[in-house]
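Before any comments, here is the structure.
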C-alpha cells in the first residue's frame, strides 16, 4: 500500500453553536489541510498518481472555502456545522468525487484550525 500527502491551506470565518461561549462568536482561522490518498499499485511511471493531479483537485476545493463565511456554504447548511471535523469531511468527500481513479482513494484528511488543534476524517474503506 502506498500513501501520498498534499498539504495546503485556506483562510475563512465561521461561527459554531452549542460548543462553548468563545467559539459561538464569529471568528476565523488560517486552516492547514493535509490530504492523503492511497492505493496498492504504482503506474508504469512508478508513481501512485501524479502529485500535480492531486494538487489541482485540492486547489479547486480550497477555492470553495478560502475567504468565505463557511456557515453560508451549502454543505454546512441543514444542521452541519462548519467545525474542523466537518471541514475535513467536506474536503475528503469533495476530493473523492473529483478522483475518478478507482485504484486511488482518499485515506484521510486533517484540518488544522491552529498549530495545536486538528481534526481528522477517515472516509469509509474502499478496495483500493
- Item | Residue in region 82-107 that is surrounded by the most Cβ atoms within 10 Å (Cβ to Cβ), counting only those that are in a loop (DSSP other than H, G, I, E, B) and touching a helix residue (DSSP H, G or I) at 6+ places or on another chain (Cβ under 8 Å) | 82
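Does region 26-38 contain at least one residue that is in contact with a strand residue (DSSP E or B) (Cβ under 7 Å, 6 or more places away or on another chain), over 16 Å from residue 118 (Cβ atoms) and touching a residue at least 60 places away in the same chain (Cβ under 8 Å)? Outline the logic, then answer.
Our first condition is that a residue be in contact with a strand residue (DSSP E or B) (Cβ under 7 Å, 6 or more places away or on another chain); within region 26-38, this holds for 26-38.
Subset that is over 16 Å from residue 118 (Cβ atoms): 26-28, 37-38.
Keeping just the survivors that are touching a residue at least 60 places away in the same chain (Cβ under 8 Å) gives 37-38.
Yes, because at least one residue in region 26-38 is in contact with a strand residue (DSSP E or B) (Cβ under 7 Å, 6 or more places away or on another chain), over 16 Å from residue 118 (Cβ atoms) and touching a residue at least 60 places away in the same chain (Cβ under 8 Å).
Quick one: is residue 69 more than 30 Å from residue 42 (Cα to Cα), in contact (Cβ under 8 Å) with a residue 12 or more places away in the chain and out of contact with any strand residue (DSSP E or B) (no Cβ under 7 Å at 6 or more places or on another chain)?
Against the criterion (more than 30 Å from residue 42 (Cα to Cα), in contact (Cβ under 8 Å) with a residue 12 or more places away in the chain and out of contact with any strand residue (DSSP E or B) (no Cβ under 7 Å at 6 or more places or on another chain)), residue 69 does not qualify.
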- Item | Residue list for region 87-121, filter: in contact with a strand residue (DSSP E or B) (Cβ under 8 Å, 6 or more places away or on another chain) and free of Cβ contacts under 8 Å to residues at least 24 places away in the same chain | none
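Is there a residue being touching a helix residue (DSSP H, G or I) at 6+ places or on another chain (Cβ under 8 Å), closer than 21 Å to residue 103 by Cα and at pLDDT 95 or above anywhere in region 26-38? Before you say what the answer is, go through the steps one by one.
Looking only at region 26-38, we keep the residues that are touching a helix residue (DSSP H, G or I) at 6+ places or on another chain (Cβ under 8 Å), and these are 31, 33, 35, 37.
If we keep only those that are closer than 21 Å to residue 103 by Cα too, we end up with 35, 37.
Those left that are additionally at pLDDT 95 or above: 35, 37.
Within region 26-38 (the criterion being touching a helix residue (DSSP H, G or I) at 6+ places or on another chain (Cβ under 8 Å), closer than 21 Å to residue 103 by Cα and at pLDDT 95 or above), the answer is yes, since at least one residue qualifies.
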- Could you tell me whether any residue of region 2-12 is over 14 Å from the mean Cα position of the chain (by Cα) and modelled with pLDDT under 95? no
- Given (1) under 16 Å from residue 12 (Cα atoms); (2) under 12 Å from the mean Cα position of the chain (by Cα), where does residue 114 come up short, assuming only one miss? (2)
- Query: Considering region 49-72 alone, what residues qualify as being modelled with pLDDT of 95 or more and assigned to a loop (DSSP other than H, G, I, E, B)?
  - Reply: 66, 67, 68
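The values are calculated or read from the model by the stated rules, or taken from the named source; none is laboratory data. Treat the numbers as computed from the prediction; the structure is a model and nothing was measured. We place every Cβ from the backbone using ideal geometry, glycine too, and count neighbours over all the protein chains shown.
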